[in-house]
1. I'm checking my understanding of the structure. Among residues of segment 12-49 that are surrounded by 10 or more Cβ atoms within 10 Å (Cβ to Cβ) and among the hydroxyl-bearing types (Ser, Thr, Tyr), which one is farthest from Met1 (Cα to Cα)?
2. Run Leu44 past the list (1) more than 11 Å from the chain's Cα centre (by Cα); (2) part of a helix (DSSP H, G or I) and report the number of the one that doesn't hold.
3. Do we have Val19 as without any contact (Cβ under 8 Å) to a residue 40 or more places away in the chain and touching a Leu at 6+ places or on another chain (Cβ under 7 Å) here?
4. Can we say Lys29 is out of contact with any Phe, Trp or Tyr (no Cβ under 6 Å at 6 or more places or on another chain), at pLDDT 95 or above and of a type in the set (D, E, K, R)?
5. Which of the residues spanning segment 22-34 are in contact with a strand residue (DSSP E or B) (Cβ under 6 Å, 6 or more places away or on another chain) and assigned to a helix (DSSP H, G or I)?
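The values are calculated or read from the model by the stated rules, or taken from the named source; none is laboratory data. Values in this document were obtained by computation on a predicted structure and should not be read as measured data. A quick note on method: Cβ atoms are made from the backbone with ideal geometry, for glycine too, and the neighbour counts reach across all protein chains shown.
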Amino acid sequence: MLSLNIYFSKISTYGERAVDVFYVKKNGKKLEDEDMGYIRSYILKAISY
């Protein structure tokens, strides 16, 4: 798996719309730029099924 931890989340609603924001860390540390592409593709693949 990705070994990510959510350390803060925020959900806002605007009428009938909702916006979710999740702040995550990997192994207790801030994500590196090179991790972002892999994580993005992993999440997109997971939600496309």
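1. Within segment 12-49, the first condition is being surrounded by 10 or more Cβ atoms within 10 Å (Cβ to Cβ), and the residues that meet it are 22-26, 31, 35-36, 38-43.
Applying the additional criterion that residues be among the hydroxyl-bearing types (Ser, Thr, Tyr) yields 23, 38, 41-42.
Details: Tyr23: 17, Tyr38: 12, Ser41: 13, Tyr42: 10 Å.
Here the answer is Tyr23.
2. (1)
3. no
4. Values: out of contact with any Phe, Trp or Tyr (no Cβ under 6 Å at 6 or more places or on another chain): yes; at pLDDT 95 or above: no; of a type in the set (D, E, K, R): yes.
Judged against the criteria, Lys29 is not a match.
5. Our first condition is that a residue be in contact with a strand residue (DSSP E or B) (Cβ under 6 Å, 6 or more places away or on another chain); within segment 22-34, this holds for 22-26.
The answer is none; no residue qualifies.
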